[in-house]
Amino acid sequence: MPIQWFPGHMHAARRKLEETLADVDVLIEVLDARIPAASRNPLLETLRRSRQRPCLKLLNKADLADPARTAEWIAAFEREEGVRALAVCAKNPADVRRILPACERLAPHRSEPTKPLRLMIAGIPNVGKSTLLNALLGRKAAKVGDEPAVTKSVQRYDLPGLRSITDTPGLMWPKIEFDADGYLLAACHAIGRNAVAEEEVAAFLAETLIAQGYADRLTARYRLDPTGMNGDEIVAAIGERRGCRRKGGELDQEKAANILLQDFREGKLGPLTLETPASRAAMIAAHEAALLAEADDQPTRR
Ligand code: G4P
């Protein structure tokens with residue numbers, strides 16, 4: 001299924017990001033700890049590398065993620081050059097207090113009055129940027145728009161101790177390379193209802209939960225045995241359990257899908273992570289193999 005959303009005005013947004021990055025010392029990239037790779041913006045990574053800026057990756061919503069897998073992701077990210085990673089819950093003040101010292105360690109040369117530490121916070125929509133920014137500032141900052149066209153919404157704030165932080169709009173990139181990422185982003189609500197149908201997302205989520213070894217969570221919450229079921233069947237079984245029926249009596253698959261998605265988003269299935277460094281590598285390898293097979297099937301042109 002091709003996943004589409006606003007691709008417009010990307011040039012303006014990219015230019016603005018590039019300009020902003022040029023004037024900061026450390027990029028704080030906010031990720032969703034439940035989907036640490038799918039919630040990375042490849043555009044941001046490209047710009048960061050070309051500007052050679054160090055990056056603190058915040059695996060936010062760590063309270064909703066599987067701690068052992070979060071640790072695996074942190075280790076994987078920290079193998080990248082110029083990158084440190086922290087697991088945080090933006091609503092936990094003790095976690096938030098660890099952020100600025102980690103940024104300082106990434107730019108030790110920016111500690112004098114003539115060289116204040118300049119930070120920039122960025123990430124895709126709904127990963128918790130505003131919540132984190134408010135926690136860092138200790139007050140409610142105006143929310144910047146999530147529309148890349150609204151480039152003037154880039155906003156700089158002073159922090160205590162000669163530091164500043166620039167807030168940027170939640171930015172999506174024009175084309176998601178892997179369909180799986182689109183579903184994962186939709187499951188975590190980073191892309192909205194219009195982009196992908198909830199029923200498809202719920203079926204994908206159910207299959208991912210099984211593939212990631214979380215079948216027991218479905219059993220515990222819905223008292224069902226998902227063995228041998230595909231995603232649609234699992235969603236239907238949830239609907240049966242919860243009495244989701246339309247007027248005529250037939251199963252209301254959409255309602256069942258919403259139950260699963262809402263439970264997942266609210267953490268009612270327990271802390272879960274939908275991808276690991278190993279599953280990510282396997283997904284990319286399968287994607288590349290499929291592309292090669294497709295290319296082999298094309299008739300040779302003269
Ligand atoms: P954004 O600026 O990146 O778009 O994200 P924002 O801070 O608006 O956060 C999006 C949603 O994620 C909010 O929930 C927020 O409360 C929640 N959130 C942010 N950080 C964390 C975290 O570390 N853990 C958990 N569990 N949730 C987090 P909401 O339902 O839209 O609003 P609210 O009613 O919770 O405020």
For segment 45-82, name all the residues that are modelled with pLDDT under 95 and in contact with a Leu (Cβ under 7 Å, 6 or more places away or on another chain).
Leu47, Arg48, Arg51, Arg53
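Conditions tested, residue by residue: (1) on the phi < 0 side of the Ramachandran plot; (2) out of contact with any Gly (no Cβ under 6 Å at 6 or more places or on another chain); (3) of a type outside the set (A, V, I, L, M, F, W, C).
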{"residue": "Ala65", "(1), (2), (3)": "yes, yes, no"}
{"residue": "Ala75", "(1), (2), (3)": "yes, yes, no"}
{"residue": "Gly82", "(1), (2), (3)": "no, yes, yes"}
{"residue": "Pro93", "(1), (2), (3)": "yes, yes, yes"}
{"residue": "Val96", "(1), (2), (3)": "yes, yes, no"}
{"residue": "Glu104", "(1), (2), (3)": "yes, yes, yes"}
{"residue": "Arg110", "(1), (2), (3)": "yes, yes, yes"}
{"residue": "Leu117", "(1), (2), (3)": "yes, yes, no"}
{"residue": "Asn126", "(1), (2), (3)": "no, yes, yes"}
Can you tell me which residue in segment 72-129 is surrounded by the most Cβ atoms within 10 Å (Cβ to Cβ), limited to those that are within 16 Å of the ligand (Cβ to nearest atom) and polar (S, T, N, Q)?
Asn126
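Go through segment 42-67 and give me each residue that's in a loop (DSSP other than H, G, I, E, B) and surrounded by 19 or more Cβ atoms within 10 Å (Cβ to Cβ).
Lys61, Ala65, Asp66
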Filter result for the condition that a residue is closer than 25 Å to Glu19 by Cβ and either in a strand (DSSP E or B) or among the small types (Gly, Ala, Ser) (or both), over Ala122, Ala90, Ala71:
Ala122
Quick one: Glu207 ticks every box in (1) closer than 18 Å to Gly270 by Cα; (2) modelled with pLDDT under 95 bar one, so which box is it?
(2)
Test for Asn134: is it without any contact (Cβ under 8 Å) to a residue 60 or more places away in the chain and either surrounded by fewer than 19 Cβ atoms within 10 Å (Cβ to Cβ) or at negative phi (or both)
yes
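The values are calculated or read from the model by the stated rules, or taken from the named source; none is laboratory data. Quick caveat, the model's predicted, so the values are computed rather than measured. Note that each Cβ is placed from the backbone with ideal geometry, even for glycine, and that neighbours are counted across all protein chains shown.
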